[in-house]
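J.: Attaching a single structure in structure tokens format; questions to follow.
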Amino acid sequence: MRPLRICLLASELAPYAKTGGLADVLAGLGRYLDRQGHDVRLFVPLYQSIAKSDLVTTLLARAADLDIRIGQRTIRASIRTATLPQSKAQVHFVDCPELFHRQGLYTQDADEGLRFAFFTRAVLDACQRLAFAPDVFHCNDWHTALLPLYLKTTYGWDRMFAASRTILTIHNIGYQGMFGADVIDSLGLGDQRGLLHHGDLKDHKFNFLKTGVLHASKLTTVSRTYAKEIQTSEHGMGLDELLRTRSSDLTGIVNGVDYGDWDPQNDPLIPHRYVKTDLRGKAKMKEALLSRLGLQSGAKSLVFGVVSRLTSQKGFDLFADSIPIFLQREDMRLCVLGSGDAHHEKYFQWLRDTWPKKVGIFRGYNDELAHWIEAGSDVFLMPSRYEPCGLNQMYSLRYGTPPVVRRTGGLADTVQQWNPSTGEGTGFCFEEFSSHALAGTLEWVFKNWRDQESWQKLMQNGMAMDFSWDKQGPDYVRLYRSLVSS
Ligand code: ADP
Ligand code: GLC
């Protein structure tokens, strides 16, 4: 079968621009497609942080002066390029300082919609200049969700794209790119009102993700359970009804893990490595982590790790009536890395102030410390309210750090309940979103921790799991091929 031409576009791509799992997934999928011999090109905005970093990019002479008319404005972009580390795949960066040199990747600025609509337009213009006719444009989340509509309308004249099909992957339905209908003209969609969501137009609203759901050839999301959940009113965040009308085009594909980056056997970011059959390195990582965060050492203590965006999605509201009980009573440590909502940050600071030798927090983003926490903790905490897929629980399995998860979305698909009597299972799951349910599970975790022999088995079960891209990636390729042959 001939290799495919795939254009993968998103607002994040590791190692260049990352706030969460989206960045890791794009890099992992990009590398996988490249390894399989496909012609994959990845596109991401050239944010200020990339421009300032020592990551080298080269100006693409053929696409140095893209003047793109969008709404009433003409905005200039150029394309810079680099090779995705550990692969041969080309990354193309849309360079437009006016739009992308801001404080962070995402903003609350009035032109937030324009920034990503323009990015999407620039990807299409760049493909024209590079004479790259993708079989599939694979869009991700709201930031790139307008591509299917632009392809049908603004670029509908271009025969080069006549056979191109589109996929929209929903990584998180909690972020939809919702604006007032006044943005429609500025996005160059003023003449396309007939193709926009009628109900929204009536309510004077415009929604990027919804527009993508209406127009993409196929839809995916990042786990099988989440694919079902988002079609219900409980989890669909207002898109469930529309998604049900596209049910036959929607599939769930569980994210892959890039074990080149996330494996304690060869992780360059941790000082002590280890394998399933020899866990001495993990014990050393535990001591190193406790000392790094200024916590009381103790091989027998049970160390819980958290690495997360601190948002309501991640379920930290459940900590208030559960975690303090165990901090007070047990030989427990809690290592937290994250930043986000002020009330979560304040709560973790309060825990730290109350139990300074037991609780360590690092507020901010730190890739190296994320790896240390995966390796040095005994248990990973992820009690999410909802979780489209989640990568950290899969990383923690590989690091021999059984996860405590709520059974939702990708957590339900990737973690099996531990059963000490059969020796089967990989972690600890609970159903109900309540502190009571979490506390009951933590009680059970402490009980199991006391039986170190069976705990070793639990760790080894998790370490043996394989969520590599080589396993998960073929589902995407099958989907791409189904579009090409149709
Ligand atoms: P989400 O994408 O919802 O944030 P995932 O579990 O899919 O959740 O992915 C989170 C990714 O972001 C992981 O690679 C995790 O290590 C990383 N991460 C999250 N917060 C931080 C942080 N404060 N510092 C470093 N890495 C972080
Ligand atoms: C989102 C989701 C997370 C998922 C990630 C990558 O940020 O919150 O569950 O793993 O995207 O798909």
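The values are calculated or read from the model by the stated rules, or taken from the named source; none is laboratory data. In this text, all values refer to a predicted model and were calculated from it rather than measured experimentally. Methodologically, a virtual Cβ is constructed for each residue, glycine included, from the backbone with ideal geometry; neighbour enumeration extends over all protein chains shown.
J.: So, in segment 240-263, how many residues would count as being more than 16 Å from the chain's Cα centre (by Cα) and crowded, with 19+ Cβ neighbours inside 10 Å?
T.: Here the count works out to 2.
J.: Confirm whether THR220 is within 28 Å of the chain's Cα centre (by Cα), in a strand (DSSP E or B) and touching a residue at least 40 places away in the same chain (Cβ under 8 Å).
T.: Yes: the conditions hold for THR220.
J.: Continuing with this model, one more query. Going through segment 33-54 one residue at a time, which ones are in a helix (DSSP H, G or I) and either among the β-branched types (Val, Ile, Thr) or surrounded by fewer than 24 Cβ atoms within 10 Å (Cβ to Cβ) (or both)?
T.: Restricting attention to segment 33-54, the residues satisfying the condition of being in a helix (DSSP H, G or I) are 33-35, 48-52.
Result: ASP34, ARG35, GLN48, SER49, ILE50, ALA51, LYS52.
J.: Mind checking which pairs have a first residue in segment 386-414 that is more than 12 Å from VAL222 (Cα to Cα) and a second that is at pLDDT 95 or above and basic (Lys, Arg), Cβ under 6 Å, 6 or more apart or different chains?
T.: GLY400/LYS282
J.: Still on this model: If we keep just the residues of segment 282-308 that are touching a Ser or Thr at 6+ places or on another chain (Cβ under 7 Å) and not in a helix (DSSP H, G or I), which is farthest from ligand 2 (Cβ to nearest atom)?
T.: SER297
J.: Taking GLU287 as the residue in question, decide whether it is surrounded by 14 or more Cβ atoms within 10 Å (Cβ to Cβ), within 22 Å of ALA439 (Cα to Cα) and of a type in the set (Asp, Glu). Talk me through it step by step, then tell me what you get.
T.: On the way: surrounded by 14 or more Cβ atoms within 10 Å (Cβ to Cβ): yes; within 22 Å of ALA439 (Cα to Cα): no; of a type in the set (Asp, Glu): yes.
It is false that GLU287 is surrounded by 14 or more Cβ atoms within 10 Å (Cβ to Cβ), within 22 Å of ALA439 (Cα to Cα) and of a type in the set (Asp, Glu).
J.: Are there any pairs with C-beta distances below 8 angstrom linking a residue in segment 169-182 that is closer than 13 Å to SER11 by Cα to a residue that is of a type in the set (Gly, Ala, Ser) and within 16 Å of ligand 1 (Cβ to nearest atom), with the two at least 6 apart or on different chains, and if so which?
T.: Qualifying pairs under 8 Å: HIS171/GLY21.
J.: Next question. PHE380 passes all but one of (1) part of a helix (DSSP H, G or I); (2) closer than 18 Å to ARG292 by Cβ; which number fails?
T.: Just one mismatch for PHE380, condition (1).
Results for (1) among the acidic types (Asp, Glu); (2) at pLDDT 95 or above; (3) farther than 27 Å from GLU431 by Cα; (4) assigned by TED's automatic domain parsing to the domain that holds PRO403, shown as yes or no for each residue.
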site	(1), (2), (3), (4)
SER308	no, yes, no, yes
PHE316	no, yes, no, yes
ASP321	yes, no, no, yes
TYR347	no, yes, no, yes
TRP350	no, yes, yes, yes
LYS357	no, yes, yes, yes
PHE362	no, yes, yes, yes
TRP372	no, yes, yes, yes
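J.: Sticking with this one: Just checking, does segment 464-479 include any residue being acidic (Asp, Glu) and either more than 20 Å from THR414 (Cα to Cα) or in contact (Cβ under 8 Å) with a residue 24 or more places away in the chain (or both)?
T.: Taking every residue of segment 464-479 in turn, at least one turns out to be acidic (Asp, Glu) and either more than 20 Å from THR414 (Cα to Cα) or in contact (Cβ under 8 Å) with a residue 24 or more places away in the chain (or both).
J.: For residues that are in contact (Cβ under 8 Å) with a residue 40 or more places away in the chain and either surrounded by 18 or more Cβ atoms within 10 Å (Cβ to Cβ) or farther than 17 Å from LEU42 by Cα (or both), tally how many sit in segment 76-102.
T.: Residues in segment 76-102 being in contact (Cβ under 8 Å) with a residue 40 or more places away in the chain and either surrounded by 18 or more Cβ atoms within 10 Å (Cβ to Cβ) or farther than 17 Å from LEU42 by Cα (or both): 17 in total.
J.: Scan segment 250-268 for residues that are assigned to a loop (DSSP other than H, G, I, E, B), touching a residue at least 60 places away in the same chain (Cβ under 8 Å) and farther than 15 Å from SER396 by Cα and report the count.
T.: Within segment 250-268, residues that are assigned to a loop (DSSP other than H, G, I, E, B), touching a residue at least 60 places away in the same chain (Cβ under 8 Å) and farther than 15 Å from SER396 by Cα number 2.
J.: Every residue in segment 328-350 that is part of a helix (DSSP H, G or I) and touching a Leu at 6+ places or on another chain (Cβ under 7 Å), please.
T.: To start, the set of residues in segment 328-350 that are part of a helix (DSSP H, G or I) comprises 328-329, 342-350.
Correct list: HIS344, GLU345.
J.: Also, quick follow-up: From the list ALA370, ALA437, ALA412, exactly one residue is within 13 Å of ligand 1 (Cβ to nearest atom) and assigned to a helix (DSSP H, G or I). Which is it? So that I can check it myself, show each step before the final result.
T.: Working: ALA437 fails: within 13 Å of ligand 1 (Cβ to nearest atom); ALA412 fails: within 13 Å of ligand 1 (Cβ to nearest atom).
Of ALA370, ALA437, ALA412, the one residue that is within 13 Å of ligand 1 (Cβ to nearest atom) and assigned to a helix (DSSP H, G or I) is ALA370.
J.: Given the criteria away from ligand 2 (no atom under 16 Å from the Cβ), surrounded by fewer than 22 Cβ atoms within 10 Å (Cβ to Cβ), of a type in the set (A, V, I, L, M) and not in a strand (DSSP E or B), does ILE325 qualify?
T.: So ILE325 passes the test.
J.: So, ARG73, is that one in the same structural domain as ARG31 (by TED's automatic domain parsing), surrounded by fewer than 23 Cβ atoms within 10 Å (Cβ to Cβ) and either without any contact (Cβ under 8 Å) to a residue 60 or more places away in the chain or charged (D, E, K, R) (or both) or not?
T.: Values: in the same structural domain as ARG31 (by TED's automatic domain parsing): yes; surrounded by fewer than 23 Cβ atoms within 10 Å (Cβ to Cβ): yes; either without any contact (Cβ under 8 Å) to a residue 60 or more places away in the chain or charged (D, E, K, R) (or both): yes.
So ARG73 passes the test.
J.: Just wondering, is there one or more residues in segment 19-35 that are within 19 Å of GLY256 (Cβ to Cβ), free of Cβ contacts under 8 Å to residues at least 40 places away in the same chain and either within 16 Å of ligand 2 (Cβ to nearest atom) or in contact with a His (Cβ under 6 Å, 6 or more places away or on another chain) (or both)?
T.: yes
J.: Of the conditions (1) in contact with a strand residue (DSSP E or B) (Cβ under 7 Å, 6 or more places away or on another chain); (2) within 16 Å of ligand 2 (Cβ to nearest atom), GLY174 clears all except one; give me its number.
T.: Failing condition for GLY174: (1).
J.: I'm checking my understanding of the structure. Among residues of segment 118-143 that are touching a His at 6+ places or on another chain (Cβ under 9 Å) and within 16 Å of ligand 2 (Cβ to nearest atom), which one is nearest to ILE167 (Cα to Cα)?
T.: So, considering only residues that are touching a His at 6+ places or on another chain (Cβ under 9 Å) and within 16 Å of ligand 2 (Cβ to nearest atom), the one nearest to ILE167 (Cα to Cα) is ASN140.
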